[in-house]
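Report on the structure given below.
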There are 2 protein chains.
Amino acid sequence: MRTLLYRYVPALKSNFFTKSQGFHKSVGVLQRLATEEPKAPFIQTEIPGPKSRTLFNELSTVQNSLAVQFFVDYDKSYGNYLVDVDGNVMLDMFTQIASIPIGYNHPCLVETIKKEENLSTFINRPALAVFPPGDWLQRLQSSLLAVAPPGLNEIQTMACGACSIEHGMKAMFIAYQRKKRGGQPPSKEELQTCITGVAPGCPDLCILSFKNAFHGRTMGALAITHSKPVHKLDFPVPYWPMASFPILKYPLEENVRENQAEERRCLEEVEDLIVSWNKSGRPVVGCVIEPMQAEGGDNFASAEFFQGLQEICSKHDVSLAIDEVQTGCGSTGKFWAHEHFNLKESPDIVAFSKKMLTGGFYYKEHYRPHEAQRIFNTWVGDPSKVILLEAVVKVIKEQNLLARVNDTGKCLFGGLQGLQTQYPNLLSRLRGLGCYGSIDLPSMEIRDKVISKLRAKGVNTGGCGEKSIRFRPTLTLEKHHVDIFLDKFNSVLHEVDSSQEKCERAKA
Amino acid sequence: MRTLLYRYVPALKSNFFTKSQGFHKSVGVLQRLATEEPKAPFIQTEIPGPKSRTLFNELSTVQNSLAVQFFVDYDKSYGNYLVDVDGNVMLDMFTQIASIPIGYNHPCLVETIKKEENLSTFINRPALAVFPPGDWLQRLQSSLLAVAPPGLNEIQTMACGACSIEHGMKAMFIAYQRKKRGGQPPSKEELQTCITGVAPGCPDLCILSFKNAFHGRTMGALAITHSKPVHKLDFPVPYWPMASFPILKYPLEENVRENQAEERRCLEEVEDLIVSWNKSGRPVVGCVIEPMQAEGGDNFASAEFFQGLQEICSKHDVSLAIDEVQTGCGSTGKFWAHEHFNLKESPDIVAFSKKMLTGGFYYKEHYRPHEAQRIFNTWVGDPSKVILLEAVVKVIKEQNLLARVNDTGKCLFGGLQGLQTQYPNLLSRLRGLGCYGSIDLPSMEIRDKVISKLRAKGVNTGGCGEKSIRFRPTLTLEKHHVDIFLDKFNSVLHEVDSSQEKCERAKA
C-alpha cells in the first residue's frame, strides 16, 4: 500500500527508472513523490534550461539570485539523483553543498514526517531551552548523542552552522574567564562594562584560526574565516591570529619530507602566534580548525599535524574546537573526520550542521556554562530536524553506510587516480577520504568549464578553493553511480583535453 | 472524518473541554493531537511538577538545563493553552517567547504538513540560494511578500533572528562601501587585507544601537545588544556607539512634557554620537532599533521619536534598520509595529523571526548586493517554515486576526488598567499596543513571585527588563481568555498585596 502511495513521477521517461512509473490517486490526492532512483542521468535541455531561466528572471525581481545554478523539482528527485524543473535528471555529487545525508526523498524520512506522533513537533516550534518537549532527551539520545564523537558527552543544538561556531567560541570564552576568576563571581565593573562592550566585561580575547579556513558568515564566524574576499570584504570583523594551514604536495608518497616540513612550519607558526598574542595582552583562548578545509580548497593535513596541534594547544592552555560542519556525518568513512587523527584525547568542542540536519556542537563538561541562559536563544535549534536526524542515524547504522562509504570511496578515488594518470595536463592533487575529496584542474576557468560540461552530461558537482572540484555525494552512493560519474568525467576531460591541444597547436 | 482523526487528548479531564474527548484509532495508528481548546486552565501539580523535575534531572546530564521552566506535552497543547507533561493546562500568554502566531496545533498547520505536495519540502532541505525549488517565488509571494512592510519589496530569508540581524547589517555595510567606491571595483589591497580581517578590506565601520536593546547572541548581534550581562559578559565584541533609548513616564497623558524632553534628549544623543564617531574615523553606517524594546524591559517610544530618528539618520546618511523579530507578525495590532509610527518613508531594512516561523529581512533595492554570494550561507533559511508561514498568513487574513488583536487588546489593557488602579502599590507603568505589552512590579523579586503564582493558577507569562511582566499571547486570543487571565492575575495580586501588607504591619 505504501509503495503505491508514492509512485507518481510525472515528467520523467519511464525507461530511465528501474520499474515503470504510473499515476496513482489515493484518498483524492495525486501522489507526487518519486520512489525509485533513475537508472542513469537524462538531459533534455541545456542547464539551466528554459524553465529555470524564466524562474531565475522572476525571482530576481525580489532578491539577488546570482548564486542560483538551476531550479529543482524536489518531488521528482530521488536518492542520488536531482531533477531540475526542466526535467533534467542529474547524478548529484554535490548534494546541496554537502548536506543531503541519505539521498532525496528517502522513504524513511517520508515515513517520519507522516507519523502521527511526530506531527506536533513539526507544527509547534518550541523555545527549546525553556519549554522543551517531554521526549527531548530521548530524541537527543537516539540521534545526536547516539553518534557523539568519542569522549564528548554533552550537546548543544543550534539552528545553523554559523551559530554553532559562534556559540562554540562563546563556550570557550566562558570557560576561560571562569578559570581566570578562580571561582569568584564577576566583578561589578565587569558586569557594568560588558553592557557597552568594553573590557573588563568584554575582554580582548581571541581565537586562532587558519588561512583558507571557512567557518561561517556571521561576525564571529567571519573573524576566523580566511578563504575568499566575497565572504569578508566591507565587513568590520575582529582582527585575530591566522596561522598557515598546510598545503601538501601530491602524490603524498613522493613528497613525504617536503610535506612533513610544511606541516612543521605551520605548527611552529601556530605556537609562535599563541606566544606572541598572549604576550601582547590579547590571549589566545581557543583554536578552531576544519579537519579538512572545504570551501578553502579541500586542503588535507596528516594525523600527525592534528596530533601536534592538539599538543601545542594543550601546552598553552588553548581550547581546541573542530569544525565538522562539512566533514561530519560519515562522508569521510568515519562518522567524524577527526576520528581519522587518533588524537590523544577528544577535541574540546566539535561543531556540526549540514548533513546532520540540525546545527550544534558537542563539548566536554569543562565547557558547560554554570549559569542559565549563557549559551541560549529563542529556538536553539529545531526538534523537527532532530526527529529527521533520528531516522537518518537509524538508516546509517542499519545499512552500515560507513562501510559502504569506504567501499564506494575506493572505487571513486581509484577511478579518479586512473583519470589523473590519463590526463596529467588536466588533473592533479587528487585527495580524499571515504567519499569526501577533490581534484584540481589547471585553472579556475578550466575548472568552471569542466563543472559546466559535467552538468550538461548529467553530473552535478561543485567547486572549491581556486581550481578544485569537490565531491560530496550522499552516504548511499554505490559503485554503479561511481561508474556513471567516472564515465562522464572521462568524456568531459577528453573533450577539454582535445580542445586544449587544438588551442596549443594553433598557438604553435 | 478529519475531525475524528485528531480527537485524542489522553490525560486531560473531559469536562475541561468544549466537547468530550475520546480515543480513536484510524489505519492502526492512535491519533494523538488535541483538536479543541480547553475551556479553562487546570492545574493538578505544582509547576514544575514531578515529571518535569525528573526530566530536568535527566536532561541535565547532557547539557546545562537551568533555563528550563517545565517540560511540555505539545501533542496535548492546543490554541492558547499549553499543557505540561504533568497534565497541567495553562493559558499561554508567553507563547515560546513570543513565537507561536496562531496557537498550538492549529488545524491549518496540521493540514499543511499532511499535504502530499508539501512533503518533499520538509524532507529535502535545499541550499536555497543555489538550487531553489521551482515554486520558491510563488511560496515567497503567498507568505513573506504578501505581508511585506509598505515600501519594502525585496526579501532575504535566514534561519534565525540573530542571523537576520547579522546579515541585515552586512547589507548596510555593502551598500555603504559600494557608494563610497563610486562604481569602482574594490582595490587589490582591499581584496587582500579582508582575508586577514584588517582595513581597508575590513574597514572600521560601525552600527549605532540603543541602551537596553536586544538583537541576538552572535558576535555582530551582540555588539548592538545592551540589556543584560548574561548576554555579553566574557565575550569579545566590537565597541560601537550606544545611545539612550527613551524611558517614558506613565501614565503618558500626565507626563507629556517630561516624556517629550526625554525623547529629545535621546535623539540629541543619537545625533551627537553619529557626528563624533564619524569625526573619529569610525563612520556610523547604520542604526538598528527595536520598535518596542522587548527583552530590555518593553520600552515604548512615541511615533514622533521614530520620525525624528529617521530624520537624523537620513540627514547623516545612516541606514535605518528596524528589528521586528519580537514585534512583527501582528501582535501590536498592525502587522509590523513600525507601521504605528507613520514614518515619512519606509525603513531601509526590517528584520523578522519568531512568529514569522522563519528568519530574514526585507530591504530596499539600494541594499541588494550586486554580486553573487555576498549575503549567503548553505541554507539561508528553510522553505518548510515558509510553507507553514503561508498557512499562518492565510489564517491571519481570512480570520481578520489583526482586528481581533486590537479588540482583544482593548479588553486586556483596559482590564490591566483597572488592576493597576486597584493595586497602586504593586502595579505601574502599564504600556501596550494591540495585545503586546507589559506592566511593572515593584521589584524583580516580587515580579518573579507573581509569575510563579500566576503559573500555579494556570497562566503562563514571562518577565522582561528588571521588573516587568510581558504579555505575548497568540493572535487568536479572545475576550474570554482575557477574562480568565485578569481573574487569575487579580487573585494573585490580592494574595501578594495581603502578604506585603502583613509584612509591613509586622515591621511597623
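So which helices of chain A fit the span-like rule, where a helix is a whole DSSP H run, its Cα atoms reach 27 Å or more along the axis, and its mean Kyte-Doolittle is at least 0.0? Could the numbers behind the result be given before it?
Values: long enough: A:161-181 (30 Å, -0.49); A:256-279 (34 Å, -1.05); A:401-422 (31 Å, 0.06); A:479-507 (41 Å, -0.88).
In chain A, the long hydrophobic H runs are A:401-422.
State the three equivalent ellipsoid semi-axes of region B:335-412, derived from the C-alpha gyration tensor as the square roots of 5 times its eigenvalues, in descending order and whole Å. Can you show the working numbers first?
Details: eigenvalues 161, 74, 17 Å².
Semi-axes (√(5λ), whole Å): 28, 19, 9.
Taking residue B:446 in one copy and the same position in all the others, each labelled 7 Å out along Cα→Cβ, what are the pairwise distances from the first, in nm, shortest first?
Label-point distances to the other copies, shortest first: 7.9 nm.
Averaged over its residues, how many other protein chain Cβ atoms are within 10 Å of peptide B:155-162's Cβ atoms? Walk me through the numbers before you get to the answer.
Working: counts 2, 3, 1, 4, 11, 12, 4, 10.
Mean partner-chain Cβ count within 10 Å for B:155-162: 6.
Compare the peptides A:241-250, B:345-354 by average per-residue count of other Cβ atoms within 10 angstrom and give them in order, highest first.
The packing order, highest mean first, is B:345-354, A:241-250.
Between copies, how far apart are the residue B:50 label points? List them in nm, one decimal, shortest first, with each point 7 Å from Cα toward Cβ, please?
Computed spacing set for this position: 7.1 nm.
What is the projected area of the convex hull of the Cα atoms of the protein assembly as shown, averaged over all directions, in nm²?
Details: hull surface 165.7 nm².
Here the figure is 41.4 nm², rounded to one decimal.
Give me the percent of the accessible area of the protein assembly as shown that comes from carbon and sulfur atoms, probe 1.4 Å, all protein chains in place.
Carbon and sulfur atoms account for 51 percent of the accessible area of the protein assembly as shown.
When the Karplus curve 6.51 cos²θ - 1.76 cosθ + 1.60 is applied with θ = phi - 60°, which whole-Hz ³J(HN,Hα) does each residue of region A:143-155 get, with x for Gly and Pro?
Once θ is set to phi - 60°, the couplings for region A:143-155 become 10, 4, 6, 5, 10, 4, x, x, x, 10, 10, 10, 9 Hz.
Using each residue's phi in region A:242-247, evaluate 6.51 cos²θ - 1.76 cosθ + 1.60 at θ = phi - 60° and report the 3J(HN,Hα) Karplus result to the nearest Hz, with x for Gly and Pro.
10, 9, 6, 9, x, 10
Where the label is 7 Å out from Cα toward Cβ, how close does residue A:261 come to the same position in every other copy, in nm, shortest first?
Going from nearest to farthest copy, the values are 7.6 nm.
Can you give the accessible area per residue of chain B, in Å², using a 1.4 Å probe? Could the numbers behind the result be given before it?
On the way: 18450 Å² over 508 residues.
About 36 Å² of surface per residue is accessible.
Enter the mean projected area of the convex hull around the alpha-carbon atoms of region A:143-270, in nm², rounded to one decimal.
Numbers: hull surface 47.4 nm².
Mean projected area for region A:143-270: 11.9 nm², to one decimal.
Could you point to the residue in B:60, B:283, B:459 farthest towards the positive end of chain B's charge dipole, with +1 and -1 charges on the Cβ of Lys/Arg and Asp/Glu respectively?
B:60
Over chain B, consider all pairs of different Cα atoms and compute the Kirkwood hydrodynamic radius from their mean reciprocal separation; express it in Å, one decimal. Walk me through the numbers before you get to the answer.
Working: mean 1/r = 0.0407 Å⁻¹.
Averaging 1/r across every pair of different Cα atoms and inverting gives 24.6 Å.
Return the average number of partner chain Cβ atoms within 10 angstrom of each residue Cβ along peptide B:88-101.
Details: counts 0, 0, 0, 0, 1, 0, 3, 3, 9, 8, 2, 6, 5, 0.
Average neighbour count from other chains, rounded to a whole number: 3.
So what is Rg over Rh here for region B:196-355, counting just Cα atoms and using Kirkwood for Rh? Kindly include the intermediate steps, with their values, before the conclusion.
On the way: Rg = 15.7 Å, Rh = 16.3 Å.
Value, to two decimals: 0.96.
How big is the charge dipole of the protein assembly as shown about its Cα centre, in debye rounded to the nearest 20, if each Lys and Arg gets +1 on its Cβ and each Asp and Glu gets -1 on its Cβ? Numbers along the way, then the final one.
Numbers: 116 positive and 112 negative charges, 271 e Å.
The dipole of the protein assembly as shown has a size of about 1300 debye.
Relative to the isolated chain, which residues of region B:169-199 have their accessible area cut by 20 Å² or more in the presence of all protein chains (1.4 Å probe, heavy atoms, no ligands or nucleic acids)?
Hits at the 20 Å² cut-off: B:170, B:173, B:181, B:191, B:194, B:195, B:196, B:197, B:198.
Could you pull out every residue, at least 5 positions away or on a different chain, whose amide H is within less than 5 Å of the one on residue B:319? Hs are placed 1.01 Å off N in the peptide plane, and Pro or chain starts have none.
The answer is B:286, B:287.
May I ask for the Rg/Rh ratio of region B:147-222, computed from Cα atoms with Rh as the Kirkwood radius, given to two decimals? Working shown, then result.
Details: Rg = 14.9 Å, Rh = 14.6 Å.
Result for region B:147-222 is an Rg/Rh of 1.02.
Antiparallel DSSP bridges in the protein assembly as shown: what percent, to the nearest 5? Let's see the in-between values first.
Numbers: 64 of 94 bridges.
Bridges in the protein assembly as shown that DSSP calls antiparallel: roughly 70 percent.
Per residue of B:72-81, how many C-beta atoms from partner chains lie within 10 Å of its own C-beta, taken as a mean? Mind showing how you got there, number by number?
Details: counts 10, 4, 13, 9, 2, 6, 2, 0, 0, 0.
Mean partner shielding for this stretch: 5.
Over both sides of the A-B contact, add up the buried accessible area with a 1.4 Å probe and give it to the nearest 100 Å².
Details: alone 23800 and 23810 Å², together 36870 Å².
Summed over both sides, the interface buries about 10700 Å².
What FRET efficiency comes out for residue A:303 versus residue B:268 if R0 is 45 angstrom and r is the Cβ-Cβ distance? Round to the nearest 0.05. Can you show the working numbers first?
Working: r = 61 Å, r/R0 = 1.36.
Step by step, r from the Cβ atoms, then E = 0.15.
What are the radius of gyration and Dmax of region A:297-426, computed over its Cα atoms and given in Å?
18.2, 60
For a quick protection proxy, order the peptides A:399-410, A:377-388, B:436-447, B:217-228 by their average other-Cβ count within 10 Å, most packed first. Present the calculation step by step, with values, prior to reporting the outcome.
Numbers: A:399-410: 17.8, A:377-388: 24.3, B:436-447: 19.5, B:217-228: 26.7.
Result, highest mean Cβ count within 10 Å first: B:217-228, A:377-388, B:436-447, A:399-410.
With respect to the cross-link table entries A:179/B:449; A:170/B:385; A:211/B:232; A:355/A:453; A:115/B:115; A:211/A:410, which display a Cα-Cα separation exceeding 25 Å?
Values: A:179/B:449 33 Å; A:170/B:385 28 Å; A:211/B:232 28 Å; A:355/A:453 27 Å; A:115/B:115 13 Å; A:211/A:410 30 Å.
Those over the limit are A:179/B:449; A:170/B:385; A:211/B:232; A:355/A:453; A:211/A:410.
Return the ratio Rg/(2.2 N^0.38 Å) for region A:38-172, where Rg is computed over Cα atoms only. Write out the running numbers ahead of the final one.
On the way: Rg = 19.4 Å, N = 135, 2.2 N^0.38 = 14.2 Å.
Scaled against compact globular proteins, the figure is 1.37.
Taking N as the number of residues in region B:71-121, what is its Cα Rg relative to 2.2 N^0.38 Å?
On the way: Rg = 12.6 Å, N = 51, 2.2 N^0.38 = 9.8 Å.
Rg over 2.2 N^0.38 Å, computed on Cα atoms: 1.28.
So for region B:299-445: antiparallel DSSP bridges make up what percent, rounded to the nearest 5? Numbers along the way, then the final one.
Working: 8 of 11 bridges.
If I count the DSSP bridges inside region B:299-445, around 75 percent turn out antiparallel.
7 Å from Cα along Cα→Cβ at both residue B:345 and residue A:260: what's the point-to-point distance in nm?
My value for the distance between the label points is 6.6 nm.
With charges only on Cβ, +1 for K and R and -1 for D and E, what is the dipole size of chain A about its Cα centre, in debye, rounded to 20?
Numbers: 58 positive and 56 negative charges, 166 e Å.
Around 800 debye, computed over chain A.
The values are calculated or read from the model by the stated rules, or taken from the named source; none is laboratory data. These figures come from a predicted structure and were not determined experimentally. Counting neighbours? That spans all protein chains shown, and the Cβs are built from the backbone with ideal geometry, glycine included. To get the accessible areas, we keep the full protein, side chains included, count just its heavy atoms, and leave off ligands, DNA and RNA. Shrake-Rupley method; radii C 1.70, N 1.55, O 1.52, S 1.80 Å.
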